[in-house]
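Notes for the one structure printed next.
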Amino acid sequence: MSSAEKLIPRDEGFDPARVKLDFPILKNTGLIFLDSAASAQKPQCVIDAIANCYSRDYANIHRGVYELSARATANFEAVRETTQLFIGAAEAREIVFVRNTTEAINLVAATYGRQNVGRGDEVLITEMEHHSNIVPWQMLCEEKGAVLKVAPMDDRGALMLDEFEKLLCTRTKIVAVAHISNALGTVNPVKEITRLAHAHGAVVVIDGAQAIPHHRVDVANLDCDFYALSGHKVFGPTGVGVLYGKAALLESMPPYQGGGSMIETVRFEKSTYADIPQRFEAGTPDIGGVAGFGAALDYVSELGLDSIERHERELLAYATDLLAEVPGLRLIGTAPQKAAVISFSLEGVHPHDVGSILDHEGIAVRTGHHCAQPVMEHFGVPATVRASLALYNTREDIDALVRALQTVRELFK
Ligand code: PMP
């Protein structure tokens, strides 16, 4: 089957209860899993793809002349093409395999950033960023004597676009923004952000960690310069992520790490580097992980991102309505454009206690600052409870969550 054929969605109606059966951990344990924003569960086809890679198709890639290595290389490079199609990149060489979103952002900061940001220059982020999209820029700014600027959000957790625009100036070299906030669910207007940033000559890095499993992402349409994502959030294995970069930018950038696979020639006096994307892929990559990642993208494509998005939108509305009935529950993050992340606090109960009681009821949610301490500070809370939804969640899962929260209410009366 060609990659294009593989990306044609299934025609039948979307049935989350049936989808759930594709995930052994959910099927076998009955666990109600509401923590997909931290990491999503894996369908059987992903687990099989990893096992098949190691049991049938495994050898190191890009080096061997023997048939097995050639096949392993072809399989690995096919996933690069699947990824290209999945995110709408113009060319497969614009896809760089890394470990995760964090590494993708660090790669841009350490290469493009070090090369292009100088004393007095500015990097603009937003108040709702994950630590992965704050700290690498802080480190760059400290090293270069540059300034980190932060665009504010309002009390619904929506970006204040006019304030963002006011912070753009000729010194702004990089704008780095989450597509979707992991702590609030806010969907940022990344196309408009990109347009505004480009008008001021800045390049745009989008942290797509939360968008990729929920939203159809089209980097060509967004016109962003870089897009970072993690395989494990989109039902693939841990250890594989992607940095998308426009070819002309990637070509202009120095290497990230030195080592095997990223060179053209090595002499003690001087080495020369490989073309993109290999220039940024030093060392042996996660070959089995990439096989699993490819299967995950195929899986999502077959279900159809439009169906997934519709399902999650309906489920979010259903959950938001029901949670409003729970006494003392305060939703944190009510932006008009919102994805399936529900952060909340429950009056008089510490979020960790809520999480432990829900766990007792067979419901997994995350509690804490969600690697977004500035967001917690904005809302004046140390932590929240976060229920995050994915394609395998059902209305019954939400009903169970609300019932369990009523139990918490009873216990803390
Ligand atoms: N950005 C956002 C918005 C995230 O939600 C996460 C993961 N929680 C990351 C970045 C970091 O992803 P990873 O840990 O896979 O590098």
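Just so it is clear, none of the values below were taken in a lab; they were calculated from the coordinates. Computed from a prediction, not measured in an experiment: that's the story for all the values here. Quick reminder, even Gly has a Cβ in these numbers, built from the backbone with ideal geometry, and neighbours come from all protein chains shown.
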(message) Just to confirm my numbers, what's the Cα centroid distance between region 329-356 and region 17-76 in Å?
(response) 32
(request) Can you list which of the trypsin sites (Lys or Arg not before Pro) found in region 240-272 are DSSP loop residues with at most 13 other C-beta atoms within 10 Å? (result) 267, 270
(request) Please give the length that would be gained between residue 337 and residue 169 if that part of the chain were fully extended, namely 0.36 nm times their separation in residues minus their C-alpha to C-alpha distance (nm, one decimal). (result) 57.8 nm
(message) When a/c reaches 1.5 or more, the comparison of a/b and b/c decides; with that in mind, is region 74-301 rounded, prolate or oblate per its Cα gyration tensor?
(response) oblate
(request) In whole angstrom, note down how far apart the Cα centers of region 97-169 and region 300-319 are. (result) 30
(request) Enumerate the residues in region 274-315 having an amide nitrogen under 13 Å from the point lying 7 Å beyond the Cα of residue 54 toward its Cβ. (result) 287-292
(message) Give me the one-decimal nm value for the distance between modelled label points at residue 68 and residue 321, 7 Å along each residue's Cα-to-Cβ direction.
(response) 5.7
(request) Kindly flag which residue pairs out of 246/270; 166/246; 20/233 have an alpha-carbon separation exceeding 18 Å in this structure. (result) 246/270; 166/246
(request) Report, in debye and to the nearest 20, how large the dipole of the chain comes out about its Cα centre when Lys and Arg carry +1 and Asp and Glu carry -1 on their Cβ. (result) 600
(request) Would you look at the GNM of the chain, springs on alpha carbons closer than 10 Å, and say which of 266, 177, 190 moves the most? (result) 266
(request) Loop sites only, by DSSP: take the GluC sites (Glu not before Pro) in the chain that have at most 16 other C-beta atoms within 10 Å and name the longest stretch containing none of them. (result) 92-268
(message) Helix-only mean residue ellipticity at 222 nm, the chain, DSSP H runs n ≥ 4 weighted -39,500 (n - 2.57), per residue, nearest 500. What is it?
(response) -12000 deg cm²/dmol
(request) Take the alpha carbon gyration tensor of the chain, find the square roots of its eigenvalues, order them as a ≥ b ≥ c, and report rounded if a/c is under 1.5; if not, report prolate when a/b exceeds b/c, else oblate. (result) oblate
(message) Defining a contact as two alpha carbons under 8 Å apart and six or more residues distant in sequence, what relative contact order in percent does region 74-301 show?
(response) 25
(request) Starting with the fewest neighbours, write out 411, 243 ranked by other beta-carbon atoms found within 10 Å of each beta-carbon. (result) 411, 243
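Which order do 53, 169, 45, 224 fall in if you start with the one that has the fewest other Cβ atoms within 10 Å?
169, 45, 53, 224
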(request) Report the chymotrypsin sites (Phe, Trp or Tyr not before Pro) located in region 256-346 that are in a DSSP loop and have at most 12 other Cβ atoms inside 10 Å of their Cβ, or state none. (result) 268
(message) Place a point 7 Å from Cα of residue 267 in the direction of its Cβ. Which residues in region 274-299 have their backbone N less than 17 Å from it?
(response) 274
